[in-house]
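Have a look at the structure below, then the notes.
The values are calculated or read from the model by the stated rules, or taken from the named source; none is laboratory data. Just so it is clear, the model here is predicted, and its values are computed rather than measured. In this analysis, Cβ positions are derived from the backbone assuming ideal geometry, glycine residues included, and neighbour counts consider all displayed protein chains.
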Amino acid sequence: MNLQQYVKKGSFYESVVEDGSDIIFIVDYGGKIHYHNASASETLGYRSKSLIGKNFFDYILPDTREDFQKKLKQSQKRAYTEKVEFQFLCKDTTYRFLEFNAINLRHKQGLKGFILDCRDVTQRKENESELVRLQKAKEQFLANISHEIRTPINGIAGMANLLSQSPSPEERETYLNAIKHSAENLKVIINDILDLAAIESGKLRFEKIAFNLKDLLPSLISTFMYQAKEKKIALDYRIDEKLNKILLGDPVRLNQILINLISNAVKFTHTGSIQIKCTAEREQRGVCWVRIEVTDTGVGIPEEKLTTIFESFSQADASVTRRYGGTGLGLTIVKQMVELQNGKIHVVSKEHVGSTFMVTIPYAIGKVNDITQAIPRKDKTLKDTNTSQLRVLLVEDNDINRLYAKSILKKWQCFIDEAENGLVAIEKIKNNYFDVILMDVQMPVMDGFEATKAIRMMEQSANLPIIALTANATAKDVEKCIAAGMNDYLPKPFTPEDLYQKLFDDLKIKPSTELRPAAMKVVPTYNLAYLRSVSGNNEEFIREMVLTFIQTIPQVLEDMKTAMDGHDWIKLSRLAHQIKPSFILMGLDSLRSDIVFIEENSKQETNLVEVERIANDFIDQCYSMLPELSKEGLPAA
């Protein structure tokens, strides 16, 4: 039998209709079912042909039945109807989402009925519903984050304002403590977001360090004692004697997991107690499975929310955030950190009774000499290192960040020079010597990456230590800093101890004892190659252009001085713009960056202190260059 005979015989009917994956119904205008294929049995659970003679409308979800009947009635006027969704009752009493395309038999056959070609779209509808739920959760998360960030910022701003009103010593202490507390809260929120980003990008790395739970847990519990006493709830812990051993793993991440679980317990418990229990679940082949349970008598979690509390952007209820605060990221981070260490986390909870979070993590069993090697050496004190001769270039566009870093360095009696952007930093390096550069990454005019690349191309600073100061401290950002030529990075916000460790412990930077002569002023060099090119090496034309430049530029320089004296920045910008083309013609490339800086910053009225310094230096260099250039304007002998 060839393909044509196959078509004529109608054998494809069995393949397409009877055995096809789509559910096929033939119903009359009144809804009576005259036929359904085998797929109706497979998808909906009914026996073969058991729906024939039944009314289709009786199986439609009651709340939508009237609307469905209207749609089918409208279909009587059309030859073909597409994509009508409905819910159909299955044998197991659940409803499945179906979507039909209807062929009206009246138009071609004269019969009052439809062929309904139905597809199961239940999964698609569930996916759509899940996307809507996740979108709402994300919107709620963004609203929470906005609130959580604004709250400590408002606290810092408010307390700073009160500090400016000459408070008493006691009030001053209270305001400062409030600022510190708000800043710590802000840091926790930002760290949560950064941790989640690191986890989801696969960049989070775990250390293998020796530790003992008997050392780690007591100090951690003590940090929560004050809050527990304030709320009049008992806080206690118990460590199995079998856990009095050296474990190899990441104690910092374990600390982070426990801080999240215990802080949640304290937050949601108003009466009763919180118990932390650590046991050795089992030991096998040099591995100990540590089980930690955090049990509270708090508000508990509704049963229907237990499956979503570990999801990103989720808390048990939106009202939870309004009442207790938080980003909704804590448990997400905990779960992923536990699982990334091949562990498991489980929660048992009853509303208004309490909750128990159970974490199990496998750790390799270590030896005594492992923990001896892991003990960090005692941090140096400031007396151990001579900081008073250290020459530091601080490159930072933010006034407050610059003031903070400068205040730390001043206490160490360092020599400090400042630059508001990368371009200014490069100019400073040309005429000065530094032991180290603290380089902000995001800055106007020239950012830290561009500045570092330019500095590395300068002979005198090819090996000058550069430390990135960056609020973006993900692995990708750090790689970008190193790729640009920076030696290391320091994430913001940083403490004086963080900066000290980076400078003197990690990079071991020392003030140089060499005596350096003051930087000599270099007379800018000109290059008349461009003029020779455009004039065909016409000496008379070149002399005329040079002479015009020499005669006109002094007046412009005097006008620039006058503009600066009168703080007329717009005029200064206009004058810089006016002479810029002349410097290109004369090939004075070393001064072009100064002109651009003066023009742009004067126009925007930014970095005005630096504008004055660079403009004065620019004017001096122009005057020192004019005598040499004037020789080019003399007629040939």
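Across the stretch 530-544, which residue is surrounded by the most Cβ atoms within 10 Å (Cβ to Cβ) among those that are under 19 Å from D589 (Cβ atoms) and in contact (Cβ under 8 Å) with a residue 12 or more places away in the chain?
L531
At pLDDT below 70, outside any helix (DSSP H, G or I) and either surrounded by 20 or more Cβ atoms within 10 Å (Cβ to Cβ) or not assigned by TED's automatic domain parsing to the domain that holds D498 (or both): is that true of D379 in this structure?
Working: at pLDDT below 70: yes; outside any helix (DSSP H, G or I): yes; either surrounded by 20 or more Cβ atoms within 10 Å (Cβ to Cβ) or not assigned by TED's automatic domain parsing to the domain that holds D498 (or both): yes.
Judged against the criteria, D379 is a match.
Taking the condition of being at pLDDT 80 or above and surrounded by 18 or more Cβ atoms within 10 Å (Cβ to Cβ), how many residues in the stretch 176-208 meet it?
Of the residues in that region, 1 qualify.
Can you go through S602, S593 and tell me which one is of a type in the set (G, A, S) and closer than 13 Å to V424 by Cα?
On the way: S602 fails: closer than 13 Å to V424 by Cα.
Criteria check complete, one pass: S593.
Here is a list: K91, K83. Which entry is under 21 Å from G113 (Cα atoms), assigned by TED's automatic domain parsing to the domain that holds G113 and surrounded by fewer than 17 Cβ atoms within 10 Å (Cβ to Cβ)? Lay out the reasoning, then the answer.
On the way: K91 fails: under 21 Å from G113 (Cα atoms).
Selected residue: K83, the only one of K91, K83 that is under 21 Å from G113 (Cα atoms), assigned by TED's automatic domain parsing to the domain that holds G113 and surrounded by fewer than 17 Cβ atoms within 10 Å (Cβ to Cβ).
Which of the strands (runs of 3 or more DSSP E) found entirely inside the stretch 385-443 contain at least 2 residues meeting this: assigned by TED's automatic domain parsing to the domain that holds F494 and free of Cβ contacts under 8 Å to residues at least 40 places away in the same chain?
Numbers: elements: 391-395, 415-419, 436-440.
Of the strands (runs of 3 or more DSSP E) lying wholly inside the stretch 385-443, those with at least 2 residues that are assigned by TED's automatic domain parsing to the domain that holds F494 and free of Cβ contacts under 8 Å to residues at least 40 places away in the same chain span 415-419.
Which residue pairs have Cβ atoms under 8 Å apart, sit 6 or more places apart or on different chains, and have a first residue in the stretch 119-137 that is more than 24 Å from F310 (Cα to Cα) and a second that is in a helix (DSSP H, G or I) and not aliphatic (A, V, I, L, M)?
D120/T43
Could you tell me whether A374 is modelled with pLDDT of 85 or more and surrounded by 13 or more Cβ atoms within 10 Å (Cβ to Cβ)? Even if it seems obvious, please write down each step before you answer.
Working: modelled with pLDDT of 85 or more: no; surrounded by 13 or more Cβ atoms within 10 Å (Cβ to Cβ): yes.
No, not satisfied.
For the stretch 542-637, which fully contained helices (runs of 4 or more DSSP H) count at least 1 residues that are at pLDDT 80 or above and more than 45 Å from the chain's Cα centre (by Cα)?
Working: elements: 569-585, 589-604, 608-630.
Filter on the stretch 542-637 gives 569-585, 608-630.
List the strands (runs of 3 or more DSSP E) inside the stretch 199-251, counting only whole elements, that have at least 2 residues being touching a Gly at 6+ places or on another chain (Cβ under 7 Å) and without any contact (Cβ under 8 Å) to a residue 24 or more places away in the chain.
none
When you go through (1) modelled with pLDDT of 55 or more; (2) of a type outside the set (V, I, T); (3) under 28 Å from the mean Cα position of the chain (by Cα); (4) outside any loop (DSSP other than H, G, I, E, B) one by one for S319, which number turns out not to apply?
(1)
Please verify whether D559 is of a type in the set (D, E) and touching a residue at least 40 places away in the same chain (Cβ under 8 Å), treating the condition exactly as stated. It would help to see each step written out before you state the result.
Working: of a type in the set (D, E): yes; touching a residue at least 40 places away in the same chain (Cβ under 8 Å): no.
Taking the combined requirement at face value, the residue does not satisfy it.
If you go through the stretch 32-49 one residue at a time, how many are surrounded by 15 or more Cβ atoms within 10 Å (Cβ to Cβ), under 18 Å from T93 (Cβ atoms) and either touching a strand residue (DSSP E or B) at 6+ places or on another chain (Cβ under 7 Å) or free of Cβ contacts under 8 Å to residues at least 24 places away in the same chain (or both)?
4
For the stretch 218-242, which residues satisfy the criterion of being modelled with pLDDT under 90, closer than 24 Å to M337 by Cα and surrounded by 13 or more Cβ atoms within 10 Å (Cβ to Cβ)?
L220, I221, F224, listed by residue number.
In the stretch 264-278, how many are crowded, with 17+ Cβ neighbours inside 10 Å, in contact with a helix residue (DSSP H, G or I) (Cβ under 8 Å, 6 or more places away or on another chain) and modelled with pLDDT under 95?
5
Out of all the residues in the stretch 562-597, which are in contact (Cβ under 8 Å) with a residue 60 or more places away in the chain and under 16 Å from L626 (Cα atoms)?
Just the residues of the stretch 562-597 that are in contact (Cβ under 8 Å) with a residue 60 or more places away in the chain, to begin with: 586-591, 593-594, 597.
M586, G587, L588, D589, S590, L591, listed by residue number.
Of all residues in the stretch 591-616 being touching a Lys or Arg at 6+ places or on another chain (Cβ under 9 Å) and within 30 Å of R543 (Cβ to Cβ), which is surrounded by the fewest Cβ atoms within 10 Å (Cβ to Cβ)?
Per the stated criteria, the residue is R592.
Given the criteria among the acidic types (D, E) and within 22 Å of L423 (Cβ to Cβ), does D594 qualify?
On the way: among the acidic types (D, E): yes; within 22 Å of L423 (Cβ to Cβ): yes.
Here the answer is yes, as D594 does meet what is asked.
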